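Data block below; observations after.
The values are calculated or read from the model by the stated rules, or taken from the named source; none is laboratory data. As the structure is a prediction and not an experimental result, all values here were calculated from the model. Note: accessible area is taken over every heavy atom of the protein model, side chains too, but ligands, DNA and RNA are not part of it. Shrake-Rupley method; radii C 1.70, N 1.55, O 1.52, S 1.80 Å.
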Amino acid sequence: GRPDAAVPVLFMRLKSGQLWGDEADARGEILGTRNPRIFWTGLLRNIEDGACLPILGPRVHGRWLPTPDEVARQWAAEHEYPFSDKDNLARVAQYLASSQGEDFPRREWQRALIAELTARLPEDLRPGGRPRTLTALVESVGWQNLAGGDPNEVHRVLADLNLPLYLTTNGDNFMQQALAAQGKQPVRELCRWHTDMDELPSRFDDAAEYRPTPEAPMVYHLLGADNELGSLVLAEDHYLDFLIKIS
């Protein structure tokens, strides 16, 4: 019988309850908005000590691959997605998984990235046939052809840091290729977020005390990789299962 039974409640960590104010603004100083010299000094020291973990998100692809919202809009138009959030890849992928089968958006993701990368390549670099995976396409084109003319290409800059571990939420092999181009021996590893992946070979199977090194760094795919489509976290159900099982 309460008149406020349907009033939504927001739980937050800020004790003041203010999204914008002195307390929230003070936290921005940690990221260097008010004292960038201190922030950059600490970051550079961590890089020098090898105590830095680069985390790569979907917007580091530069000009070669589409962003998740671009893929979502393409799918929404192609498959007549009926809702308004047409740039939300997880939602659009969930719609495809519900109507076409769980693995359909994973195969479509692979197909979309291969097609888009091929279309953006110069004519003389385009492969004759259709590669089976995005990794195979990148290897056939050659990493130097993709990044050779850009000294500020993100993966190249990160590879220059000589760190032992790189964490990526992307399914491509760009970071691995950038490390290999510098003479390193990178290892590609997947997060085992469901039981179907338990039988996949792992670098950790070889030695219990294995640790990545700057000479043989590890690229850890948190949300799956293109060479194992079943590992990709794309649809809403995938994200829910991932969060439940990873915890």
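Observations
- Taking all protein chains together and a 1.4 Å probe, the residues Lys245, Lys86, Lys15 rank Lys15, Lys245, Lys86 from largest to smallest accessible area.
- Amide proton proximity set for Leu56, modelled H, under 5 Å, gap of 5+: Leu167, Thr168, Thr169
- Other-chain or far-sequence residues with amide H under 5 Å of Ala225's (modelled H): Ser231, Leu232
- Solvent exposure, largest accessible area first (probe 1.4 Å, DNA, RNA and ligands not counted), of Ser140, Ser247: Ser247, Ser140
- Most to least accessible of Phe104, Phe204 (protein chains only, probe 1.4 Å): Phe204, Phe104
- Couplings for the stretch 150-165, taken from phi via the Karplus curve 6.51 cos²θ - 1.76 cosθ + 1.60 with θ = phi - 60°, read 10, x, 9, 4, 4, 5, 5, 4, 5, 5, 5, 6, 6, 9, x, 9 Hz in order; Gly and Pro are left as x.
- Once all protein chains are placed together, Trp193 keeps about 10 Å² accessible to a 1.4 angstrom probe.
- Rg to Rh, two decimals, where the chain supplies the alpha carbon set and Rh follows Kirkwood: 1.02
- Alpha-carbon centroid distance for the pair the stretch 204-247 / the stretch 53-108, whole angstrom: 20
- Long-range Cα-Cα pairs in the stretch 121-247 (distance over 24 Å), rounded percent: 35
- When a 1.4 Å probe is rolled over the protein heavy atoms, the share of accessible surface on the stretch 94-247 that falls to carbon and sulfur comes to 49 percent.
- Accessible area per residue for the stretch 107-181, computed on protein heavy atoms with a 1.4 Å probe, is 45 Å².
- Among the protein heavy atoms, those of Ile244 account for about 120 Å² of accessible surface (1.4 Å probe, every chain in place).
- Amide H partners (placed H, <5 Å) of Met218, local residues excluded: Leu165, Tyr166, Val187, Thr213
- Principal semi-axes in Å for the stretch 81-192 [√(5λ), Cα gyration tensor, largest first]: 29, 19, 13
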